[in-house]
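One structure below.
The values are calculated or read from the model by the stated rules, or taken from the named source; none is laboratory data. Quantities reported herein were computed from a predicted structural model and do not represent experimental measurements. Note that we place each Cβ from the backbone using ideal geometry, even for glycine, and neighbour counts take in every protein chain shown.
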Amino acid sequence: MDALRIHGGARLTGTLAVDGSKNAALPAMAAALMSSGTVHLRDIPTLSDIGNMVKLLREIGCEVTGHGRDCTIRTTDPTQTHARYEIVRTMRASICVLGPLLAARGEARVSMPGGCAIGDRPVDLHLRGLRALGANIELDGGDIIATADRLKGTTIFLGGPFGSTVLGTANVMSAAALAEGRTVIESAACEPEVTGLADMLNAMGARITGAGTPRIEIEGVESLGDVDYTVIPDRIVAGTLAMAVAMTNGDAILTNFPHDNLLAVLDRLDIAGVHVDRVDPEEDPRRCTVRVTCDRRLQPVLYTTQPYPGFPTDLQAQMMALLCLADGNSIVTERIYPDRFLHVSELTRMGATLFRSGPTVVVQGGGQLVGAPVMAGDLRGSAALVMAGLVAKGETVVQRVYHLDRGYVRLEEQLNQLGAGIERFELGVSDPVTL
C-alpha cells in the first residue's frame, strides 16, 4: 500500500497546469454510448476511476483507444447492456451509463454503484427521472434493470430532500436527448460538469438549452453523431492547488484554471488574504491563467458548503486545513454531507485545534502544525492532510493514499514541480501505522 512522506517547510513557486475534470470526464465518456459515430475526448485525467470507466465501456460493447490524455470511443457491439458488479462496485459514477445505455439500446442492466462512503448517495432520483421518461425499472439481484422501446419527453421535477443531483441530472438529460418530444428538467443541478456535458451533447447534435440553470429543456432528436470535445478543467483540483500554494506563502502561476467556476471559493479566499488574480483579462475565465499569492497573515472566515454556485463540499476539507493557519476562529458548516469530517481527527493529530458539533466545526487557527503519521479516510480529506503536511514542522506520513489517487493525478508530483518535498513509498510492516 502506497503512502506519502512529506517534509514540511518548502515554499511553493513555479507554474503548473490544472488537469481536466474527472467528474466531467466520466459522464462524457458514458454519453459516448449514444453516438452513432466516433467520440474523441481530450484532457482526460489519468485516474483509476477513468481506467475503470474504460473497462466498463469495453465490456458493454465499445472500442476505447487512447494516447496520453486523449481517448477515442466508438460502439462496436450495441447488444451488450450489462454493467456488471465486478466493475461497477469500484466507482459510484458508473451509474451514469444507465441513461445513455437505455436511450441508445432500449435496455440497461447496471449494478448498484460503489465508491467512497461519506454519506448516503441514493440513486432513487435517477430512477424517478427515467421512469418519468417512460422506462420500466426493476431491481434484481442488486442490479437496476431498465427497459423502454423509446423514451418519451415529459416534465420532470428532479429535486430531492438534499437538493439536486449532478449525476442524476446528467443521466436524465442524456437519456432525454434521444427521447421523443420535449423534456423539461426542473430543479436540475447547476454544476459546471452538467453544463460541460450539455455542450458536448449539443456538439453531437442534441438540442439542449438552460444547462447551468435549475431548468433544462431538451428537444429529443433521432440520433447523435461524432464529436471532438475537450473536458473542462477540474475546479476541485484547481482550488486544492491554489490553497496549497497559499498555505506555504507561495507565489505560483496556475494555467487552465476555471476562475468563473470557483467564484464562491475565491470570495472566501480573498477574505482570508489569498489572492487569485487573472494574468490576462482577455482569456476565457472558465479556462485561464492565474497568479496565486497571499498575505503574510491569513484571516479567519466563515463558510457553509452548498450546491453550486455555492462553496463546494469537495473543497471543505482543504479550506479547513488552510484556516488552521489563520489568526483567529473560523466556522465551517457542512450542509451537503453532514458527516464529511473524517479529516478532523487526523488534523488534530497534527496539532490543529478543532471543535466539532454536528455539521459544524470551529477552527481555532494560529497554532503550529506538527508532522505526524496520519491516515486518509476519503478523497478530499486526504488532500487536506497532504496540504497540512506541507506546512507542518518535521515529517508527515499520509497513509491510504489510494483515496487521493481517485481524484488527483499524482498530486505529489504536481506539488513537487512547485518545490514541495514529497516522497511516495510502499508502506512496510515497520513503517508507522495510525490506529
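When you check ALA31 against the structure, is it in the same structural domain as GLY68 (by TED's automatic domain parsing) and not in a strand (DSSP E or B), yes or no?
Spelling it out, ALA31 is indeed in the same structural domain as GLY68 (by TED's automatic domain parsing) and not in a strand (DSSP E or B).
So, in segment 224-256, of the ones that are of a type in the set (D, E, K, R) and part of a strand (DSSP E or B), which residue ends up farthest from ALA10 (Cα to Cα)?
ASP228
Let's see how each residue does on (1) under 24 Å from the mean Cα position of the chain (by Cα); (2) surrounded by 16 or more Cβ atoms within 10 Å (Cβ to Cβ):
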residue	(1), (2)
ARG286	yes, yes
VAL292	yes, yes
LEU298	no, yes
LEU302	yes, no
THR305	yes, yes
TYR308	yes, yes
THR313	yes, yes
MET320	yes, yes
LEU323	yes, yes
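If I filter segment 101-112 for residues that are surrounded by fewer than 23 Cβ atoms within 10 Å (Cβ to Cβ), modelled with pLDDT of 95 or more and part of a helix (DSSP H, G or I), do I get at least one hit?
Yes, that holds for at least one residue.
If I filter segment 395-412 for residues that are touching a Gly at 6+ places or on another chain (Cβ under 6 Å) and either assigned to a loop (DSSP other than H, G, I, E, B) or closer than 24 Å to ILE336 by Cβ (or both), do I get at least one hit? Give the derivation first.
In the first step, residues of segment 395-412 are kept if they are touching a Gly at 6+ places or on another chain (Cβ under 6 Å); the result is 395-396.
Subsequent filtering for residues that are either assigned to a loop (DSSP other than H, G, I, E, B) or closer than 24 Å to ILE336 by Cβ (or both) retains none.
The answer is no, given that none of the residues of segment 395-412 is touching a Gly at 6+ places or on another chain (Cβ under 6 Å) and either assigned to a loop (DSSP other than H, G, I, E, B) or closer than 24 Å to ILE336 by Cβ (or both).
Here's the yes/no breakdown for (1) among the polar types (S, T, N, Q); (2) on the phi < 0 side of the Ramachandran plot; (3) touching a residue at least 60 places away in the same chain (Cβ under 8 Å):
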residue: VAL194; (1), (2), (3): no, yes, no
residue: THR209; (1), (2), (3): yes, yes, no
residue: ILE216; (1), (2), (3): no, yes, no
residue: VAL237; (1), (2), (3): no, yes, yes
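Quick one: is ILE95 outside the structural domain of GLY129 (by TED's automatic domain parsing) and either buried (at least 24 other Cβ atoms within 10 Å of the Cβ) or in a helix (DSSP H, G or I) (or both)?
Criteria not met by ILE95.
Out of GLY366, GLY358, GLY377, GLY381, report the one residue that is closer than 15 Å to GLN316 by Cβ and at pLDDT below 95.
Residue meeting the stated conditions: GLY377.
Would you check if there is a residue in segment 221-230 being surrounded by fewer than 18 Cβ atoms within 10 Å (Cβ to Cβ), outside the structural domain of ASN136 (by TED's automatic domain parsing) and among the small types (Gly, Ala, Ser)?
yes
In segment 383-431, which residues are free of Cβ contacts under 8 Å to residues at least 24 places away in the same chain and either buried (at least 22 other Cβ atoms within 10 Å of the Cβ) or under 20 Å from ALA242 (Cβ atoms) (or both)?
ARG410, GLU413, ASN416, listed by residue number.
Quickly run through segment 1-52 and pick out the residues that are over 14 Å from the mean Cα position of the chain (by Cα) and of a type in the set (Asp, Glu).
Listed by number, the residues that qualify are ASP2, ASP43.
Pairs needed: first member in segment 17-38, without any contact (Cβ under 8 Å) to a residue 24 or more places away in the chain and of a type in the set (Lys, Arg); second member anywhere, in a loop (DSSP other than H, G, I, E, B) and surrounded by 24 or more Cβ atoms within 10 Å (Cβ to Cβ); C-beta distance under 7 Å; at least 6 residues apart or different chains.
That search, which allows pairs on different chains as well, returns nothing.
ILE87 versus (1) under 27 Å from ALA132 (Cα atoms); (2) among the hydrophobic types (A, V, I, L, M, F, W, C); (3) assigned to a helix (DSSP H, G or I); (4) within 24 Å of the chain's Cα centre (by Cα): which is the lone unmet condition?
(1)
Just to check your reading of the model, which residue among SER382, SER330 is on the phi < 0 side of the Ramachandran plot and out of contact with any Gly (no Cβ under 8 Å at 6 or more places or on another chain)?
Only one candidate passes the filter, namely SER382.
Cβ-Cβ below 9 Å, separation at least six or inter-chain, first residue in segment 359-370 and at positive phi, second hydrophobic (A, V, I, L, M, F, W, C) and in a loop (DSSP other than H, G, I, E, B): which pairs?
Taking only residues 6 or more apart or on different chains, the pairs are GLY366/CYS324; GLY366/LEU325; GLY366/ALA326.
Among the residues of segment 239-263, which ones are buried (at least 18 other Cβ atoms within 10 Å of the Cβ), within 20 Å of GLY310 (Cβ to Cβ) and hydrophobic (A, V, I, L, M, F, W, C)?
ALA242, MET243, PHE257, LEU262, listed by residue number.
Mind checking which strands (runs of 3 or more DSSP E) fall wholly inside segment 328-375 and carry at least 1 residues that are assigned by TED's automatic domain parsing to the domain that holds LEU298 and farther than 15 Å from MET387 by Cα?
Filter on segment 328-375 gives 329-333, 353-357, 360-364.
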